[in-house]
Amino acid sequence: MSIDPPAERHRPIRSYVLRSGRLTDSQRKAIDDHWSRWVVPTADTQLDLAALFPQQGKLVIEIGFGMGDSLLAMAVQEPSTNFIGIEVHRPGVGKLLHGIAEQQVANLKIICRDATEVLLHCFQANTIDKIQIFFPDPWPKKKHQKRRIVQPEFMGLLRDQLRSGGQIHLATDWQEYADYMLEVMEAAPGMRNGEGAGNFWEHPLRPDTKFENRGKRLGHGVWDLLYVKT
Ligand SMILES: C[S@@+](CC[C@H](N)C(=O)[O-])C[C@H]1O[C@@H](n2cnc3c(N)ncnc32)[C@H](O)[C@@H]1O
């Protein structure tokens, strides 16, 4: 009989693989110069949101912002809304930091940590206005599908952290994942489809993302979903 070493037995399932992508000089400089101002340190305790932003406003969380261009554009377009982007990929954090500092954006902060831990520990229930996950890793192979971030349990946690009337906005360029997202969200207790049961969102309001544009160049479609906490 073989016994797994403890680290193997207890390793959580991750929705990402940390790529060893090198930082550009500009990303490294942004991390050195601006990390302490815009990246929020977290522990397993709730964040003091009032202390994070100069003005109170709606709170939007983006999970897995990638290189962050579309999140930055949203924050600039909506200065009275507060945004927190969560990402584990350091080149993306560096790129977004560079953009935030260049435009001195006050209503956008970054958390560099696994979003499943952040959502579990760092927010009070019923406090978030919108959670968006755009083009999450599709994990297309059957044996990897348990790594998909859109899962019933995680969507239940997101729902708990949303205010009543708060929204979950998902998007993917992978049709089979789109169908899976629809199946999970249609069955999610306490959430209703903002576009009518069983429908995708045909004309979503959001800037294009880097992964989306890559998918379009490869001939992929795009599917958005909008769910509202009842
Ligand atoms: C396929 S990329 C899409 C990036 C971006 N949303 C876009 O559309 O261009 C997915 C991103 O989600 C991040 N990610 C996946 N799981 C995550 C998690 N649990 N916590 C934080 N980031 C995560 C990955 O590091 C990656 O950058």
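The values are calculated or read from the model by the stated rules, or taken from the named source; none is laboratory data. Everything numeric here is computed off the predicted structure, so don't read it as measured data. With ideal geometry, Cβ positions are generated from the backbone for all residues, glycine too; neighbour counts draw on all protein chains shown.
Of note:
- Options 170, 158: the member that is surrounded by 15 or more Cβ atoms within 10 Å (Cβ to Cβ), in contact (Cβ under 8 Å) with a residue 40 or more places away in the chain and not basic (Lys, Arg): 170
- Test: residue 149 is under 18 Å from residue 225 (Cα atoms), outside any loop (DSSP other than H, G, I, E, B), of a type in the set (A, V, I, L, M) and within 15 Å of the ligand (Cβ to nearest atom): no
- For the range 75-120, a residue qualifies if it is assigned to a helix (DSSP H, G or I) and among the aliphatic types (A, V, I, L, M), and the qualifying residues are 75, 76, 93, 96, 97, 100, 101, 115, 118, 119, 120.
- Residues that are out of contact with any Ser or Thr (no Cβ under 6 Å at 6 or more places or on another chain), surrounded by fewer than 20 Cβ atoms within 10 Å (Cβ to Cβ) and at negative phi within the range 186-199 comprise 186, 187, 188, 189, 193, 194, 195, 197, 199, listed in sequence order.
- Only residues that are crowded, with 17+ Cβ neighbours inside 10 Å, closer than 19 Å to residue 216 by Cβ and without any contact (Cβ under 8 Å) to a residue 40 or more places away in the chain were counted in the range 128-155, giving 1.
- Against the test of being in contact with a helix residue (DSSP H, G or I) (Cβ under 6 Å, 6 or more places away or on another chain), modelled with pLDDT of 95 or more and farther than 21 Å from residue 160 by Cα, the options 83, 65, 53, 123 yield a single qualifying residue, 65.
- For the range 87-94, the count of residues that are closer than 12 Å to residue 110 by Cβ, aliphatic (A, V, I, L, M) and within 12 Å of the ligand (Cβ to nearest atom) is nonzero.
- Considering 202, 195, the condition of being farther than 30 Å from residue 50 by Cα, out of contact with any Leu (no Cβ under 9 Å at 6 or more places or on another chain) and of a type outside the set (A, V, I, L, M, F, W, C) is satisfied by 202 alone.
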